[in-house]
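**Q** Please read through the structure below; I'll follow up with questions.
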Amino acid sequence: MLKTENTLTPGELGLPKPGRYRKTAFKRIWKERYLFLLMLPGLIYFIVYRYVPMLGNIIAFQDFNVFKGFLHSDWVGFKHFQKIFEDPEVLQVLWNTILLSFLQIVFAFPISIILALMLNEVRNEGFKRVVQSIVYLPHFLSWVVVVGLVTVLLKSDGIVNQFLQQAFGMESIPFMQSPGWFMPLIVLEVIWKESGWGTIIFLAALSGVNPDLYEAAVVDGANRWRQIWHITLPAIRSTIVILLILRLGSVLDVGFEQIFLMLNPFNKEVGEVLDTFVYFKGVQQSDFSFATAVGLFKSLVGLILVVGANRLAKRFGEQGIY
Amino acid sequence: MYKYMSRGEKLGSLINMILLIIIALLMLFPFYYMIIISFTSFSEFVQSDIILWPKKWVLDSYEFILGSKSFIRSIGVTVFITVVSTIFSLILTAMMAYALSRDIYGQRFWMFMVLFTFIFGAGIIPTYLVIKETHLLDTYWALIIPTAINSYNLIVFREFMMSIPKELTEAALIDGGNDLNIFTRIILPLSKPALAAFGLFYAVSGWNTYFNALLYINDPSKWTVQVVLRQIVILDQATTALSEGRLNGLTQNPPPPETIGMAAILIATIPILIVYPFLQKHFAKGVMLGSVKG
């Protein structure tokens, strides 16, 4: 006997029964159990060492006490956040961070673009490859090595000071101790270490440019500068925008290792940034809650800036990062 | 394109190349200076103003460093951490990348979980407290587990695996193979170049481990070479840092701290210089793969 339409169960129609979603989900997980097994260690890693610490930020709203633990410490609301904006030391640190970040975007970021454009103009492949090999290398050195080299080069009787004395009759400059030299040195170190590496992404974008465009430009009588201006630069514009968005998101991230290594009692006033401040307050002085509040403030500002910059980029017709 | 170049453009091209040569030399100078100073003798270093080529090449600084138990031990610790963390990281990254490269249940959710770590960091203090609570403080595991998976490497590795033709895995599925078999028998062998590339990246960051060692390791006998290097070169404590376990004590004059420092930096940089040619072969590809999706 033929079934009439209304006796068909949803299951027979290939639809999950209402209230059965949980069961189908479980079925699918069981079917893919080996995939989940492979993902499990990574998942545990992400949860324990990336996400539990994110939740751990709740201690910014407590007077965290190691013995009472995460859940039983006293809740104090926004006390520590209020302190961020009242403590002149934090404001100084915040200002240092923003200034240093600004200097890096203005001076270090464009150098990668210029270097990439220069490399792109080289027609001799062998020459290009040798230069690339040299400028990429410092990226793989640790900050300890870079700051160590700079320390020796810039000692009061080091080679740079010797050179300045003999060539220009200058007094020896205490580079590493002078507060005025702190930020320029940080930016110069970043340029030395990362500007070569920074060209890779631009060169990758440039390798995708159709050579016919240049040929056509030559036929139209465009010289080299006009070719760069009208073909090469537009080709990397979206890459520049994406990198700037990412850079904005980490505007309060100025590189803990480098700055920590460059800091000393003489330049602390101008050189202390949010990350090093959090380290000294939290790890060395065990003021966990306040240090966490400062760190959380930093992360939140970064998140807001990324989302905001991404929106802005999309409004101007660029691609954005998501 | 040379044939289209006018005289002015040829001149411009020449100036461009000269500028690049100058930039390359400026980049190389610190390396050059590090090498020659590490071989300079005490008397020459103290007496001469600017040294660009030592009159006599000596090994005093190297003898001094290699005679120090603490430096040798820090090299050993760093080699251990580099090897173990590279293997550990590669296994975890490859397994998770494969799971995410397949149409796994909740894939979008898991991917979001990974990508979100790019734009929101947990912060130094909560991470420190978690590592403390999981009893990793002052153990080598503190330098291995918390940095096990680099989100960026994971994403790029996943994209690499997705580029492996589906036909290969589907055939295995029809033959009754499960995902574990496919992963170990098909995907991993085909991922050798990617494994090599990410292995190198993990190894370099393992070798350069500094911040985590500073944060999580208090026991000087477990310090990595970068921490000892900082003590020698930046804190200018070469003689105290290297005095431990020295049989002849410090009776004889030690070499100047600058030459010791340069020799120490050179020793700690040699492994990077050795793998650099291999790294170079891979990294351009890796970065480009990543830039496809932005």
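**Q** Quantify how strongly other chains surround peptide A:218-226 by giving the mean number of their Cβ atoms within 10 Å of each of its Cβ atoms.
**A** Working: counts 4, 1, 0, 0, 0, 5, 8, 2, 0.
Mean number of neighbouring Cβ atoms from other chains: 2.
**Q** Under the rule of -39500 (n - 2.57) per DSSP H run of 4 or more residues, summed and divided by the residues of chain A, what mean residue ellipticity at 222 nm is obtained, to the nearest 500 deg cm²/dmol?
**A** Numbers: 18 runs with 207 residues, N = 322.
Per the formula, -19500 deg cm²/dmol.
**Q** Right, another one. Shielding by partners for B:90-97, please: the mean number of other protein chain Cβ atoms within 10 Å of each residue's Cβ.
**A** Numbers: counts 0, 2, 9, 2, 2, 7, 8, 3.
Taking all residues of B:90-97 together, the mean is 4.
**Q** Once whole DSSP H runs in chain B are found, which of them have Cα atoms spread over 18 Å or more along the helix axis and a mean Kyte-Doolittle score of at least 1.0? Intermediate results must be reported in sequence, preceding the final value.
**A** On the way: long enough: B:7-38 (46 Å, 1.68); B:69-101 (47 Å, 1.56); B:107-119 (19 Å, 1.38); B:192-207 (22 Å, 0.96); B:257-293 (48 Å, 1.08).
Both cut-offs are met by B:7-38, B:69-101, B:107-119, B:257-293.
**Q** So, one more: Using packing as a proxy for protection, rank B:23-30, B:50-57 so that the peptide with the highest average count of other Cβ atoms within 10 Å comes first.
**A** Numbers: B:23-30: 16.0, B:50-57: 11.5.
Answer by packing, highest mean first, reads B:23-30, B:50-57.
**Q** If you don't mind, there's one more thing I want to ask. Counting Lys +1, Arg +1, Asp -1, Glu -1, what net charge surrounds A:Pro88 among other residues with beta carbon under 14 Å of its beta carbon?
**A** Details: positive: A:Lys83; negative: A:Glu86, A:Asp87, A:Glu89, A:Glu269, A:Glu272.
Net charge in that neighbourhood comes out at -4.
**Q** Rounded to two decimals, what is Rg over Rh for chain A when you use alpha-carbon atoms and the Kirkwood radius?
**A** Numbers: Rg = 27.8 Å, Rh = 24.9 Å.
Reported Rg/Rh (Cα atoms, Kirkwood Rh): 1.12.
**Q** Summing Lys, Arg as +1 and Asp, Glu as -1, what charge do residues with Cβ under 15 Å from the Cβ of A:Asn161 carry, A:Asn161 excluded?
**A** Net charge around A:Asn161: -3.
**Q** Lys and Arg at +1, Asp and Glu at -1: add these up for the other residues within a Cβ distance under 12 Å of B:Ile104 and post the number. It would help to have the intermediate numbers written out before the result.
**A** Values: positive: A:Arg28, A:Lys31, A:Arg33, B:Arg102, B:Arg108, B:Arg158; negative: A:Glu32, B:Asp103, B:Asp179.
Value of the local net charge: +3.
**Q** Counting helices only, and only those DSSP H runs with n ≥ 4, report the 222 nm mean residue ellipticity of chain B as the sum of -39,500 (n - 2.57) divided by its residues, in deg cm²/dmol to the nearest 500. The partial results should precede the final answer.
**A** Details: 13 runs with 190 residues, N = 294.
Value at 222 nm, helices only, nearest 500: -21000 deg cm²/dmol.
FYI, it's all coordinate maths here, none of it is from the lab. Computed from a predicted structure; not experimentally measured. All Cβ positions, glycine included, derive from the backbone under ideal geometry; neighbour counts span all protein chains shown.
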